[in-house]
Amino acid sequence: MKIPILFMEHSGSVWNGQLGRSRRQPVAELRHHLISICAGHAQLTERGGRVARRNGPVARSTSPCDNFSRFRNVLPLASLMFALSLVLGSTASLRADVDWRLSIKIVTDARGDIPNGTIPRMNAEVVEANRILGQYRRGIGFDLTEVLVISRLSNWFNADPRDGATRSALQAIIRQDPANHFYRSNAINIYVLGSSSGTCAFPPDDDIILMGRVPYKTLLLHECGHFFNLFHTHEGEANRYTDGSTCNEGCGTCPRLVPGERDGTAETAPDHTCFNSRDDFAQNLFGVPFASLDAARQGPINNSWFNIMSYHGGEATLNTLTPDQLDRMTGESNTRRRNVATGNTWFVANDGHDSNGGHTIDSRLLTVGRALQLSRPRDIVLLRSGAYAAPEIMNKPVSIYASRGAVEIIAP
């Protein structure tokens, strides 16, 4: 059944909950909501958000579309009451966000034990990753499908996850016998060893993440960033002597630090692992303290200093992914890493074209209608800032999210 979409004034966030469990509210309060009707069911959009918990100890904010500014052509009260009755009367369940499935394997030591606190620590990593992703309100997050204990790799318990030989050997062992090593072809496979740090190669070659049991709390998101093709913010950095030759000494010895600027985004400042403060950035790039810079120059420095893909700051400050980074992760999720995702995100922008594929920001679509045609139930339509014509019908449950500024959808 195809039912017209109802557009109403809205200045809040999407609520992706279970139908039939909405709070009953006076009709007068609904002028701040968007109700979209999908194949006889409804999705209610409201202010605020909630924490999702499903298929494991994963918390995620599902409150996107905070950038939606206004929906024109408010429908008459009779139509509104019809829509409200569908929301309150349905018993169906509607989920329209995209999850990245995680399968975590804890490697035991030689005695068959795992150190105390390992599993809670991994759980905290997932919760923190979803908290950070949730603040960007794009509908993506991790679904921790399982945490398993594996003893047949115990002779690798003390191995260094960042050692190339370790990585190659473990990957070969796991691929030779995937079933007995709990390898999942539809999930991000993380193997936790007894040391620290972590490593992950880039797509499409490698799909196994190695982590230590005592990482900082954003390491899982950092390594999954690599899994989805994100580089370090200091990619391309170099240490030089004053004559320009390569310096192989440490941070305190090499007289010239050349920051890297090959992370693939213009939203971060050129970065170096030897920068210990934002003043180091500012002095290296502009010759002045950070506080002397205007907001336009401070912004990229903040984007690097607090970035998940940087080596700065420690647990308290690494909390940032830029729009370009999120777009790249989403594009990889739609393409080379599609096997780990529960759905697609369709990119739409006013400079797109409906003959494009819509899977990456470089192949973005032009119209919401075309994105809905291509989408499947529970997919996401991601709109860049601007005004868009509303499709006449919507016959599948999808979520529409805004990015990079205010979005206006205009009903016919």
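Read-outs throughout are calculated quantities, based only on the coordinates presented, and are distinct from any laboratory measurement. All of these numbers come straight from a predicted model, not from anything done at the bench. So basically every Cβ, Gly included, is an ideal-geometry build from the backbone, and we count neighbours across all protein chains shown.
How far apart, in nanometres, would the label points at Ala266 and Ala291 be if each is projected 7 angstrom from Cα along the Cα-to-Cβ direction?
So the label points at Ala266 and Ala291 sit 3.2 nm apart.
Give me the distance in nm between label points sitting 7 Å out from Cα along the Cα-to-Cβ direction at Gln135 and Ile410, one decimal.
In this crude label model, Gln135 to Ile410 measures out at 3.5 nm.
With the cut-off at 1.5 for a/c, could you classify the range 192-288 from its C-alpha gyration tensor as rounded, prolate or oblate?
It comes out prolate by the Cα gyration axes.
Along the Cα-to-Cβ line of Asp205, 7 Å from the Cα, sits a label point; which residues in the range 129-171 have backbone N less than 18 Å from it?
161-171
Using a basic spin-label model with each label point 7 Å from the Cα along Cα→Cβ, how many nm lie between Asn186 and Ala110?
That separation, rounded to one decimal, is 4.0 nm.
Quick check on packing: order 235-241, 137-143, 402-408 by the mean number of other C-beta atoms within 10 Å, highest mean leading.
Ranked from most to least packed, the peptides come out as 137-143, 402-408, 235-241.
Given a cut-off of 22 Å, what percent of all Cα-Cα pairs of the range 252-364 lie beyond it?
Percent of Cα pairs beyond 22 Å in the range 252-364: 46.
Hey, what do the phi angles of the range 287-303 turn into as Karplus ³J(HN,Hα) couplings, whole Hz, using 6.51/-1.76/1.60 and θ = phi - 60°, x for Gly and Pro?
Karplus values, whole Hz, x for Gly and Pro: x, 9, x, 4, 5, 7, 7, 7, 4, 5, 8, 5, x, x, 5, 4, 4.
Which three extents, in angstrom, do the Cα atoms of the range 238-305 have along their principal axes, listed largest first?
34, 26, 18 Å, listed from the longest principal axis down.
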